[in-house]
Amino acid sequence: MKNRMKLTLIVFSLLSAQIHAQEKKTLGLNEAIDLSIQNSKQLKNSQAKIDEATATLKEAVERRLPDAKASASYLRFNSPNVDLKMKPASGSGGGSSSTEVPKMNQAAYGLVNLSLPIYTGGRIRYGIESSRFLEQAAKLDAEDNKDEVIQNTIEAFANLFKAKTAVRLFKENLSQSQHRENDLGNMEKNGLLARNDFLKAQLQTSNVELNLLDAENNLQLANVNMDLMLGLPTATELVLDTTGIARKNDNRVLDDYLQAALNSRKDMAAIDLRKKAAESGVKSVKGEMFPSLALTGGYIAADVPQVLVVSNAIDVGVGFSYNIGSLWKTKAKVKQAEARVKQLSLTESILDDNVRLEVNKTYLSLMSSRKKIDVYLKAVEQAEENYRIVKNKFDNSLATTGDLIDADIAQLQARLSYTLARADAFVAYHKLLQTAGILSVEMKK
């Protein structure tokens, strides 16, 4: 028994030394949320998706700009046979004139072409419209992810609070159990207590020691998890400031949260924008069946020594193109685009049902957690009173050691349950705000 006690003291000493070696940081809930938002890899990934959607929109807008192409070549030839079909007229006067065929061994030319789209069947306009909807949807996704990060931070904060409370309660109970064990040991030595009752007390102390070790381990893991979320060194010991986690007065009922969810949920708004983007995509695909009209212009320069020189050749005109094959090749594309719209419509309907179910579930969970707080508070009062009565009976030899230990365990369990219920209700309330789509707004109040 003495060896076990020494081992326990050594373990606690090592844990205490490790904790003191850590850097401590006092942390409130609002600061934790700010740090998690600032360091969230999920939100940084969301921002990258917004940047991608913005670039895609810019690309769609740039399709309105003219296309410009320039090309130039310099060519070398062997000694080709050149037969000029157009020969110069013979000069006046006597004698016959002969025309010398020029020797051509090189050539150079340059071309510049400009094309400004005037009409493309609506493909450019609907492409811009679709890209703009998708950009807005990406921004809403980022806001939805922000709410998720906030909720995850709140849950981690509550878990750390529960872990710290569990360690504190187990330490208090261990001190009480050790003190009781010493008293019972003296009674056993003096023949006032059966050996079996003293062993029960020793066993209870051992159980509390094991529970405390598990609680210390859970506390370390909760602390590391919180450090990682906040972007802090994992050796940082967080000292929680819980002044901001008191229950808030909120008289809203279930219908209020349901209405808020239908009006404020970012994921529902995002799916609606994606459906609109798909509808614009259908119009864009149908635009392929229409002809294209463009304003064209160009410049040509060429130089074939001794044969041809072209300069200052500028052309301006209107270009017309029509892919007749699109009349029968585009139908499948239109059906694919319409199928995407149908899929998104069904997804939107499924999401609406899921949101209603989720709000109902989280609301009932909150109501249950708040009722549990009241029940566990009464249980704490009852357990403390029961322990006081049993302790008085034990001191007067009217109750057994087992009765005293059972009363002590019931008291500890009631205190733990009460603390967990308070933390769970705090998390459940903010989870309800998240499912209603108003978490970020409420956290700013």
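The table for this structure:
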read-out	value
Check on ALA201, part of a helix (DSSP H, G or I) and at pLDDT below 95	yes
Residues (over 13 Å from ARG180 (Cβ atoms), without any contact (Cβ under 8 Å) to a residue 24 or more places away in the chain and part of a helix (DSSP H, G or I)) located in the range 376-402	LYS378, GLU381, GLU385, ARG388, ILE389, ASN392, LYS393
Test for LEU308: is it farther than 30 Å from GLY122 by Cβ, out of contact with any strand residue (DSSP E or B) (no Cβ under 9 Å at 6 or more places or on another chain) and either free of Cβ contacts under 8 Å to residues at least 40 places away in the same chain or of a type in the set (A, V, I, L, M, F, W, C) (or both)	no
Residues located in the range 246-263, provided they are part of a helix (DSSP H, G or I) and either within 29 Å of GLU31 (Cβ to Cβ) or acidic (Asp, Glu) (or both)	ASP255, ASP256, TYR257, ALA260, ALA261
Residue in the range 275-295 that is surrounded by 13 or more Cβ atoms within 10 Å (Cβ to Cβ), among the charged types (D, E, K, R) and over 30 Å from LEU116 (Cα atoms) present	yes
Residue satisfying condition, being surrounded by 19 or more Cβ atoms within 10 Å (Cβ to Cβ), at pLDDT 95 or above and either farther than 30 Å from LEU192 by Cα or of a type in the set (Lys, Arg) (or both), within set LEU344, LEU357	LEU344
Test for THR243: is it buried (at least 17 other Cβ atoms within 10 Å of the Cβ), polar (S, T, N, Q) and outside any loop (DSSP other than H, G, I, E, B)	no
Candidates ALA194, ALA163, ALA156, filtered to the one that is touching a helix residue (DSSP H, G or I) at 6+ places or on another chain (Cβ under 9 Å), buried (at least 16 other Cβ atoms within 10 Å of the Cβ), of a type outside the set (Ser, Thr, Tyr) and more than 17 Å from ILE33 (Cα to Cα)	ALA163
Residues that are of a type in the set (Asp, Glu), under 16 Å from LYS276 (Cβ atoms) and under 24 Å from the mean Cα position of the chain (by Cα), drawn from the range 331-365	GLU348
Meets criteria (closer than 29 Å to SER206 by Cα and at pLDDT below 95) for LYS444	no
Answer from LEU273, LEU230, LEU219, LEU327 - the residue that is over 30 Å from ASP141 (Cα atoms), out of contact with any strand residue (DSSP E or B) (no Cβ under 7 Å at 6 or more places or on another chain) and at pLDDT 90 or above	LEU219
Search result, residues across the range 98-153 that are in a loop (DSSP other than H, G, I, E, B), crowded, with 19+ Cβ neighbours inside 10 Å and of a type in the set (Ser, Thr, Tyr)	THR120
Residue within the range 421-437 that is within 24 Å of the chain's Cα centre (by Cα), surrounded by fewer than 17 Cβ atoms within 10 Å (Cβ to Cβ) and over 14 Å from ARG247 (Cα atoms) present	no
Test result for ALA222, among the small types (Gly, Ala, Ser) and closer than 30 Å to ILE37 by Cβ	yes
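Yes or no, residue by residue, for (1) touching an Asp or Glu at 6+ places or on another chain (Cβ under 8 Å); (2) over 19 Å from TYR257 (Cα atoms); (3) assigned to a helix (DSSP H, G or I); (4) of a type in the set (Phe, Trp, Tyr):
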position: ASN323; (1), (2), (3), (4): yes, yes, no, no
position: TRP328; (1), (2), (3), (4): no, yes, yes, yes
position: ALA337; (1), (2), (3), (4): no, yes, yes, no
position: VAL341; (1), (2), (3), (4): yes, yes, yes, no
position: ILE350; (1), (2), (3), (4): no, no, yes, no
position: LEU357; (1), (2), (3), (4): no, no, yes, no
position: ASN360; (1), (2), (3), (4): no, no, yes, no
position: MET367; (1), (2), (3), (4): no, no, yes, no
position: ASP374; (1), (2), (3), (4): no, yes, yes, no
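The values are calculated or read from the model by the stated rules, or taken from the named source; none is laboratory data. These numbers were taken from a predicted model, which means no experiment stands behind them. FYI the Cβ positions are ideal-geometry reconstructions off the backbone, even for glycines, and counts take in every protein chain you see.
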